[in-house]
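The values are calculated or read from the model by the stated rules, or taken from the named source; none is laboratory data. What you see is a predicted model; the values in this text were computed from it and never measured. Neighbour counts are summed over all protein chains in view; Cβ atoms, including those assigned to glycine, are modelled from backbone coordinates with ideal geometry.
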Amino acid sequence: MGYIDRANAKLDAVRDKDDVVILAIESSCDETAVAVTKGRELLSNVIASQIDIHKRFGGVVPEIASRNHTLAINGAVKEALAKADITLQDVDCIAVTYGAGLLGALLVGVSYAKALAFASDKPLLAVNHIKGHIAANYLAKPDLTPPYICLIASGGHTTIAYVKTLTDIEIKGATHDDACGEAFDKVARVLGLPYPGGPQIEKLAKEGKPSVDLPTPYKDKNTYDFSYSGIKTAVINYAHKCSQKGEELNRADLACSFQEKVTDIMVTNTIRCAVDMGVDTVVIAGGVGANSVLRAKMKQRAEENNLKVFYPPLILCTDNGAMIASQAYNMIKSGAKASDIDLDANANLKVFE
Ligand code: KG4
Ligand code: ZN
């Protein structure tokens, strides 16, 4: 029996186990993240962040990210196993993010995971990063069950997903240009704030009022889609006009206005989609899901519409290995097959792939 047949036989043997042990690797952007889970229990969640390295460039530099993943990945795996108090022998399955993300960054995790799986003769599962973000919620709330509507708002995605089962997910709305987190990061740069911009804007906005009028994209259209380029341009134009007139820019008001506008749109679309689809729960995922204004608004509007709302703790919102392990668990339960040693990374992986 060759490697892949042994891997699938091993995967089949643990499908009904509730305490299956998964080692998961995530390297799609600027976090080298490794986690160990046992069933839905999180045993360790190591996140080696490169934020300080990329800060000086104002954003993630892909090649620098790949190199730093290469430096960090072995140590992160060792640390995750040690913190979980297990050895590689105890692991039933190795999971890895294979897309979407930065190609070179993804390849570090994929190549490492393939080598580890092959050398230890363990099954390998290829996990979709966005499905991972959604799955982070099952770790924090094991009784969460589909169907529900999930808003995924991150640096690379702004998507409304109709989660029908643990693995069957339909996209109902998406951005036509920038992702929401990307817009936060770009607006932060205009305001002279460091990368990543989201938390910085949130902090500055606390001191401001939503006094600047910004456009609402697709205002009269019956869509769940998003667009951030018009809002971003309006912010840039407002800042330029202030400087042309020699007026001092009220950065806090502009940050607050931007945050109010984008969170309003995300909440409106998500709640409308949930009502239209007849589900009773809305869920938030992704890095922008850490935003407290977004969380508070979603909670309020969900309650007004008799919807339950759930969002994961902050550490499970931004990129992490735990969410990849959680989706791998869903895949095992849903009968997924192991990946072979020719697994490739896919930078533009879609949610339905
Ligand atoms: O999910 P994530 O860690 O990585 C991607 O898959 O993209 O999301 C990172 C994004 C960044 O754009 C960052 O600015 C944004 O999430 N973010 C926030 C907050 N914390 C992180 N945006 C708004 N408010 C926050 N508190
Ligand atoms: Zn992400």
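Looking at the stretch 1-112, what helices (runs of 4 or more DSSP H) fall wholly within it and have at least 3 residues that are at negative phi, at pLDDT below 95 and more than 16 Å from ligand 2 (Cβ to nearest atom)?
51-55, 62-84
Listed by first and then second residue, the pairs with beta-carbon distance under 9 Å, at least 6 apart or on different chains, first residue in the stretch 327-353 and β-branched (Val, Ile, Thr), second assigned to a loop (DSSP other than H, G, I, E, B) and surrounded by fewer than 18 Cβ atoms within 10 Å (Cβ to Cβ), are ILE332/ARG15; ILE332/LYS17.
A quick yes/no check of all residues on (1) in contact with a Pro (Cβ under 8 Å, 6 or more places away or on another chain); (2) without any contact (Cβ under 8 Å) to a residue 60 or more places away in the chain; (3) not in a loop (DSSP other than H, G, I, E, B):
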position	(1), (2), (3)
ASN137	yes, no, yes
CYS150	no, no, yes
THR159	no, no, yes
GLY192	no, yes, no
TYR195	no, no, no
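Against the test of being near ligand 1 (Cβ under 10 Å from one of its atoms) and either of a type outside the set (Phe, Trp, Tyr) or without any contact (Cβ under 8 Å) to a residue 24 or more places away in the chain (or both), the options CYS256, CYS317 yield a single qualifying residue, CYS317. Checking LYS245, LYS209, LYS297 one by one, the residue that is out of contact with any helix residue (DSSP H, G or I) (no Cβ under 7 Å at 6 or more places or on another chain) and basic (Lys, Arg) is LYS245 and no other.
Among the residues making up the stretch 15-50, those that are among the hydrophobic types (A, V, I, L, M, F, W, C) and either within 16 Å of ligand 1 (Cβ to nearest atom) or touching a His at 6+ places or on another chain (Cβ under 9 Å) (or both) are ALA24, ILE25, CYS29, ALA33, VAL34, ALA35, VAL46, ILE47, ALA48.
Per the conditions (1) at positive phi; (2) outside any loop (DSSP other than H, G, I, E, B); (3) not aromatic (Phe, Trp, Tyr), the sole criterion not satisfied by GLY246 is (2).
In the stretch 74-99, the residues that are more than 15 Å from ILE47 (Cβ to Cβ) form Cβ pairs under 6 Å with partners that are surrounded by fewer than 18 Cβ atoms within 10 Å (Cβ to Cβ) and of a type in the set (Ser, Thr, Tyr), at six or more places apart or across chains, as follows: LEU88/SER120. Kindly indicate whether any position in the stretch 113-131 is within 16 Å of ligand 2 (Cβ to nearest atom), surrounded by 19 or more Cβ atoms within 10 Å (Cβ to Cβ), basic (Lys, Arg) and part of a helix (DSSP H, G or I). Within the stretch 113-131, one or more residues are within 16 Å of ligand 2 (Cβ to nearest atom), surrounded by 19 or more Cβ atoms within 10 Å (Cβ to Cβ), basic (Lys, Arg) and part of a helix (DSSP H, G or I). I'd like the full set of residues that are farther than 30 Å from TYR311 by Cα and of a type in the set (Ser, Thr, Tyr), limited to the stretch 107-153. SER111, TYR112, SER120, listed by residue number. For the stretch 122-165, a tally of residues being out of contact with any strand residue (DSSP E or B) (no Cβ under 7 Å at 6 or more places or on another chain) and of a type in the set (D, E, K, R) returns 1.
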